[in-house]
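Derivation of every value follows stated rules applied to the coordinates shown; laboratory data play no part. Just so it is clear, the structure is predicted and the values come from calculations on it, not from any experiment. Cβ atoms come from the backbone with ideal geometry, glycine included; neighbour counts cover every protein chain shown.
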Amino acid sequence: MGRISEERVQILERRTAELHRRLTAIETQIAPAAAPAGAWPAPSGPPVATSPPPASVSAAPPVPAPPAAPSPARIPAGAAPAAPAIPAPRRERLDLEELLGGRVLAWTGGVAVLAGIAFLLAIAVSRGWIGPAGRTVVAGALSLGLIGAGAWLYEHRRRSDAALAALSAGIAGLFVTVAVGGPVYEVLPAAVALALAFASGALATWFAVRWQSRGIGALGIVGALLAPVLAGAPSTSTTLALLWLAAASGAAVLVWQRWNWLAVAVYAITLAQWGWWIGDAQPSAGPIVVVLCLFGAVNVAAAIGFELRVPTSRLRFASALLLTANAMTLALAGWYALAEADATTVGRLWIGGLAAAHIAVGLATRATRINRDIRLLALVLGAVLADVTAGLMLEGAVLAGVFAITTVGFALLARRVLADRAAGREHDELLLGLGLGGHLLLTTMQALTQVPPDALGSGGALAFGGYAAIAATAGAAFVAGRFVDTVRREWRVVLDVVALTGAAYLTAAALDGPLLAAAFAAEAATLGTLARRGRDAVAAGGAAAYLALALGHALVFEATPAALLDGVDDLAGAALALGAAAIAALFGLRLLGTAVDRRAHATLGATGAITLLYLASVAVVTAFEPGDDAQLLLSGLWALSGVAALVAGLRRDDRALRLGSLALLLVAVGKVFLYDLSALTSLYRVGSFIGLGLLLLVAAGIWQRMRPPALPDLRDVPPAVG
């Protein structure tokens with residue numbers, strides 16, 4: 001006893017010292033404001049000696065003296081004294097002894113009692129000590145006794161962890177008792193078991209909310225959810241009804257207290273049990289739909305219930321995760337379970353009903369205070385489920401059209417939601433961006449399913465549905481880009497790129513040969529016109545891309561570089577392809593004018609001129625049959641074209657044109673020295689060299705005569721006079 005008294009004295013001394021420290025801090029804060037104007041300072045003198053504490057009792061830590069109040073003479077007249085800084089509260093140290101002796105022992109005891117109740121019932125069953133009715137009465141009485149004792153101790157004696165643990169163990173034990181007495185022993189009628197389970201859940205909910213006890217939520221609600229498993233209850237409708245009541249109780253506590261871990265526990269534990277019931281009992285379509293609706297409604301209530309009670313401006317991760325996981329689980333479980341029950345049509349309708357329900361939740365909560373991110377998430381989930389339903393019910397171009405309409409709908413929704421730039425909408429932007437991009441991806445994949453890339457090179461005509469699917473994809477992307485242009489311009493750029501790509505894909509699927517190159521060139525000219533009128537950079541980039549497609553198709557399929565040696569079989573087709581590309585480039589040059597980017601101007605001019613020269617070269621080689629005379633004429637054509645371009649560049653004082661002409665002359669020189677010298681016969685070789693030399697001399701003379709004046713050297717310019 002003496003040892004115990006000594007420990008208590010030490011505890012009291014520590015608490016007294018802490019109380020003295022706090023009182024001193026409070027006096028320090030209020031002393032300057034409470035001191036009268038003419039107050040005399042406290043008399044100074046030697047400190048009074050005090051007797052040291054006994055050796056058997058540990059001395060309390062020294063308490064620092066409070067700082068002296070400022071003298072009235074130092075405070076200016078009419079000025080209020082400055083308030084001293086409030087010291088930050090000191091964090092309580094973790095007392096390992098208190099943790100182990102109070103909480104750990106209490107909650108371990110509660111878990112042990114709950115396990116004991118379950119073991120008692122199990123042993124009673126195996127050894128036949130008492131009848132089923134007696135076992136149920138004993139377990140129920142013990143559970144009620146624990147509930148009563150815990151509640152009385154917590155309310156009238158001391159709010160300790162032991163009282164909470166006893167109460168929680170009693171609630172979980174009561175659920176186990178009901179689960180065993182109803183489905184297992186069949187002592188309690190189904191209606192009575194359900195009523196008792198509802199009462200137990202309501203009791204647990206009431207105590208958890210009243211005392212704000214996470215322990216009751218953990219041991220009471222989670223224990224109630226695990227009661228059918230602990231009791232070995234069979235997978236019957238009565239067991240599922242008990243489980244649903246426990247889940248509803250947990251959802252009620254979650255809505256009131258906002259314990260995120262409890263939401264995860266309710267979702268995971270109930271999912272495992274009703275999923276096992278579906279796989280083990282193999283019910284018909286009706287019970288499957290009822291069970292999924294009941295448990296799905298509990299999870300939806302847990303996800304959005306607290307958002308309704310305590311609205312927030314930011315998206316809560318737990319609510320979003322629970323709502324998303326619940327929707328995906330219900331969709332997958334319902335589809336596969338109904339398919340096993342030979343109710344595939346009901347499965348399709350089930351997913352469609354889920355989609356409609358989530359969309360209804362998102363629309364019905366607009367008039368409430370619920371976070372708009374949760375509403376938007378519900379709409380996104382509904383749209384995704386609607387896409388899945390469409391994919392299960394429709395096919396072909398019709399499905400692509402539905403996806404395209406949904407894509408446009410998401411763009412319209414994004415325009416309305418993101419128009420308010422004053423408030424932060426980062427979550428809205430993320431959800432809408434994922435929804436819009438996902439639906440556009442679905443539309444594109446469905447179109448590619450109808451018209452795969454290998455179908456473009458087959459040469460055969462495609463079905464009308466394939467063209468319709470590609471057109472729906474391109475049209476949806478274009479319309480969606482117009483909707484989001486005012487709120488997210490970068491989204492519009494991406495959508496326009498998809499639309500242009502779809503249009504090019506559709507053109508390649510519909511046409512072939514020289515007509516395809518001509519169509520690409522015409523589309524390039526059209527986009528260039530739109531870019532000039534609307535000053536649209538995306539349209540300008542699209543025009544350049546289409547022009548590259550036209551040239552690429554012409555050079556790869558209609559007039560390959562080998563045509564400079566062997567000619568082409570279809571000169572008219574090559575002329576159409578290359579001529580259309582050249583006209584498109586020169587048309588773009590005319591649209592640009594000289595007031596825009598000089599580099600783009602020079603690039604388009606060079607592209608058009610080189611394409612026309614290439615067409616003329618192919619025509620010469622094809623007309624004169626592959627041979628020495630054709631190569632001699634080709635060398636002369638290149639050299640003569642270089643001289644003509646040089647003259648034009650000198651007359652117009654166009655440096656880019658002059659550099660291009662010199663480059664062409666160098667190419668002609670390279671051809672003569674590298675190819676003609678080795679491939680042509682002696683007579684044609686002589687003609688090639690003489691012709692090139694004469695043209696080069698003419699070019700040099702023209703350069704000397706018409707060259708632009710050189711710029712003066714700044715070092716030779718005399719400095720300006722003052």
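A few remarks follow.
- Whole-Å semi-axes of segment 573-662's equivalent ellipsoid (Cα gyration tensor): 27, 18, 7
- Distance between modelled label sites at residue 395 and residue 666, nm, 7 Å Cα→Cβ extension: 6.1 nm
- With R₀ fixed at 35 Å, the C-beta to C-beta distance from residue 644 to residue 537 puts the FRET efficiency at about 0.50.
- Length gained on full extension, residue 490 to residue 510: 4.2 nm, using 0.36 nm per residue less the C-alpha separation.
- A crude spin-label estimate for the pair residue 152 and residue 212, with each label 7 Å from Cα along the Cβ direction, gives 2.8 nm.
- Gain on full stretching of the segment that runs from residue 652 to residue 405 - 0.36 nm per residue minus C-alpha separation: 83.5 nm
- When you work out D = kT/(6 pi eta Rh) for segment 397-506 at 4 °C and 1.567 mPa s, using the Kirkwood radius from C-alpha pairs as Rh and the Stokes-Einstein form, the result is 91 µm²/s.
- Residue 24-residue 679 pseudo-label distance in nm [points 7 Å out on the Cα-to-Cβ vector]: 10.4 nm
- Diffusion constant of segment 511-622 at 37 °C, which comes from Stokes-Einstein with the Kirkwood Cα-pair radius and 0.692 mPa s, µm²/s: 236 µm²/s
- The mean sequence separation of alpha-carbon pairs under 8 Å and at least six residues apart, normalised by the residue count of segment 282-393, gives a relative contact order of 30 percent.
- With R₀ set to 35 Å, the beta-carbon distance separating residue 530 from residue 704 gives a calculated FRET efficiency near 0.15.
- Chain lengthening between residue 257 and residue 364 when straightened (0.36 nm per residue, less Cα-Cα): 36.1 nm
- Shown for 277, 256: other C-beta atoms within 10 Å of each C-beta, ranked fewest to most, produce the order 256, 277.
- FRET efficiency estimate (nearest 0.05) - Cβ-Cβ, residue 339 to residue 199, R0 35 angstrom: 0.35
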